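The structure appears right after this line, and notes come after that.
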Amino acid sequence: MKILYTLLLLISFSTHSKTIIYSSDYIDVNTGKVITNKSITVDKGIIETIDSGFIEITSNDKLIDLRGYTLMPGLMDMHVHFGQEYKSKSERPVKIERETSAILANKHALTTLKSGFTTVRQVGDSGLIAISLRNLINSGEVVGPRIFTSGKSIATTGGHADPTNGKDSDSYEYPVAEDGVINGPYDAYTAVRQRYKDGADGIKLTVTGGVLSVAKSGDNPQFTEEEVIAVVNAAKDYGMWVAVHAHGSEGMKRAVIAGVNSVEHGTFMTEEVMDLMVNKGTYYVPTISAGEFVAEKAKINNYFPEIVRPKAASVGPQIGNTFNKAYKRGVKIAFGTDAGVQPHGTNWKEFVYMVKFGMPPMETIQSATINTAKLLKIDSILGSIEVGKMADIIAIDGNPIENINTMENVVFVMKEGELIDLN
Ligand SMILES: [Zn+2]
């Protein structure tokens, strides 16, 4: 297979030609069915036709024979942090320069693309790293997944994502709305407008405490109703989505009522909040992987600062159960992992956890393709293998509908018709 890809990459620079993919099995995420024995023709990055059987190819065309594999649309992860990968207390450098984060982000983006994720949403950043990376990927100067990003998160003073938490008061200036720390509706408008100016696609809000922030509570509400309504209204003015980090139910409830697009983590989500989300059409982005990861690490002495450890131990194991309840109650689920807490490239594990906590394998794949495309409002151009859509196609060695663990075995990635070198 490796030789075939190299040849194809060489040929693709010489002449314009169509690419024809022979598929024995591909997943139609619209119907939840596996479609057998088709030829998918890709031209200029778009799926031009899908024909029955295996069509004849002309000498000018490229053939990619993926019979024997399971094809599906490029996967999408709605919650990543490319600029970081959490390190234990002992492994962590004393300081991390923003330039270091930017270089790492480039590496993590490529790792993520190679693991089959052709689109991601980065929610939360230490600066303008994801925005810069997104632009370089879009212009073709850097290889990586398509990025939609919020830029720097918006928090309240002392809240999750206040960048000065844990610092001695002599070593920082009070952060302002432009930095993403707001107090009051007026500040909310300033912060959203600054992100619009920065080039963000959406807004990330931390409406409750967080597990990994150096602060006592992981679930208290940290935005007033007025503040979260102001953020949502300001974001709507600029056509931006709003994603909220939330563990506790009161913060979540205020956010859902205000009209945010998605709730991230959702750890202590009550049935009342689930029903509100069903009524409002709010998406739930579970990030079970991060919960499982921090719960496991909380067992290790000195892995986390002592103020973080009890939060990691209590929040972690809860997310899977909440996911199970929310799924059964009919809350819309969009796939997201919080990669950057746990290592990048292990995003596939989320599929395994989702199945473990009660979702059928086909629905987990739909949650990471067509559901995520709908959340990002790009479902007219991405999210399924369909004529007229962009050719984001991956292949799995194995049958994930029978064995979800095979989602690890990505053997082929095409993004907008371009083959990605997986070596
Ligand atoms: Zn996160």
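The values are calculated or read from the model by the stated rules, or taken from the named source; none is laboratory data. A quick note: this is a predicted structure, and the numbers were derived from the prediction, not measured. As a convention, Cβ positions derive from the backbone with ideal geometry for all residues, glycine included, and neighbour counts pool all protein chains shown. Side chains included, ligands, DNA and RNA excluded: accessible areas come from the protein's heavy atoms. Shrake-Rupley method; radii C 1.70, N 1.55, O 1.52, S 1.80 Å.
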Seminar exercise, completed: So, first residue more than 16 Å from the ligand (Cβ to nearest atom) in the stretch 231-245, second residue acidic (Asp, Glu), Cβ within less than 8 Å, six or more apart or across chains; the pairs are Met240/Asp201
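May I ask you to say which residue of Ala215, Ala177 is of a type in the set (A, V, I, L, M), within 16 Å of the ligand (Cβ to nearest atom), modelled with pLDDT under 95 and surrounded by fewer than 24 Cβ atoms within 10 Å (Cβ to Cβ)?
Ala215
Can you name the helices (runs of 4 or more DSSP H) wholly within the stretch 125-244 that have at least 1 residues being among the acidic types (Asp, Glu)? Full working, then the answer.
Working: elements: 129-138, 185-198, 225-237.
It comes to 185-198, 225-237.
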Exercise. Here are some residues: Glu350, Glu418. Which one is in contact (Cβ under 8 Å) with a residue 40 or more places away in the chain, more than 21 Å from Ile35 (Cα to Cα) and buried (at least 19 other Cβ atoms within 10 Å of the Cβ)?
Worked result: Glu350
Problem set entry | Qualifying positions in the stretch 306-345 - within 16 Å of the ligand (Cβ to nearest atom), of a type in the set (Val, Ile, Thr) and farther than 16 Å from Val285 by Cβ | Val308
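Give, as residue ranges, the helices (runs of 4 or more DSSP H) completely inside the stretch 323-423 that count at least 1 residues that are among the hydrophobic types (A, V, I, L, M, F, W, C) and under 18 Å from Ile40 (Cβ atoms). Explain how you work it out, then say what you get.
On the way: elements: 349-356, 361-367, 370-375.
The helices (runs of 4 or more DSSP H) meeting that bar are 361-367, 370-375.
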Exercise. Within the bounds of the stretch 55-65, is there any residue that is within 17 Å of the chain's Cα centre (by Cα) and in a strand (DSSP E or B)?
Worked result: no
For this session: Just need a number here: residues in the stretch 249-267 that are within 16 Å of the ligand (Cβ to nearest atom) and either among the charged types (D, E, K, R) or not in a helix (DSSP H, G or I) (or both).
Result: 8
Exercise. What pairs come up if the first residue lies in the stretch 119-130 and is away from the ligand (no atom under 11 Å from the Cβ) and of a type in the set (A, V, I, L, M), the second is assigned to a loop (DSSP other than H, G, I, E, B) and open to solvent by 10 Å² or more (accessible area, probe 1.4 Å), and their beta carbons are under 7 Å apart, counting only those six or more places apart or on different chains?
Worked result: Ile129/Gly83
Problem set entry | Lone qualifier among Thr164, Thr100, Thr111 - being farther than 25 Å from Val285 by Cβ, surrounded by 15 or more Cβ atoms within 10 Å (Cβ to Cβ) and either among the β-branched types (Val, Ile, Thr) or within 16 Å of the ligand (Cβ to nearest atom) (or both) | Thr164
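Please state which one of Ala339, Ala334, Ala391 is surrounded by 23 or more Cβ atoms within 10 Å (Cβ to Cβ) and closer than 24 Å to Thr49 by Cα.
Details: Ala339 fails: closer than 24 Å to Thr49 by Cα; Ala334 fails: closer than 24 Å to Thr49 by Cα.
After ruling out the rest, the residue left standing is Ala391.
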Problem set entry | Val120 being within 22 Å of Ala368 (Cα to Cα), among the β-branched types (Val, Ile, Thr) and in a loop (DSSP other than H, G, I, E, B) | no
Problem set entry | Single match in Ser126, Ser132, Ser139, Ser153 (criterion: among the hydroxyl-bearing types (Ser, Thr, Tyr) and in contact with a Leu (Cβ under 9 Å, 6 or more places away or on another chain)) | Ser153
Exercise. Can you pull out the residues in the stretch 109-157 that are in contact with a Pro (Cβ under 7 Å, 6 or more places away or on another chain) and under 22 Å from Glu97 (Cβ atoms)?
Worked result: Ala109
Exercise. Over 20 Å from Gly316 (Cβ atoms), touching a strand residue (DSSP E or B) at 6+ places or on another chain (Cβ under 6 Å) and open to solvent by less than 10 Å² (accessible area, probe 1.4 Å), is that true of Val256?
Worked result: no
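For residues that are touching an Asp or Glu at 6+ places or on another chain (Cβ under 7 Å) and in a loop (DSSP other than H, G, I, E, B), scanning just the stretch 268-302, find the one that is most open to solvent (accessible area, probe 1.4 Å). Talk me through it step by step, then tell me what you get.
Initial filter on the stretch 268-302 (touching an Asp or Glu at 6+ places or on another chain (Cβ under 7 Å)): 268, 285, 287-290.
Next, only the ones that are in a loop (DSSP other than H, G, I, E, B) stay: 268, 287.
On the way: Phe268: 70, Thr287: 0 Å².
Across the stretch 268-302, the extreme among qualifying residues is Phe268.
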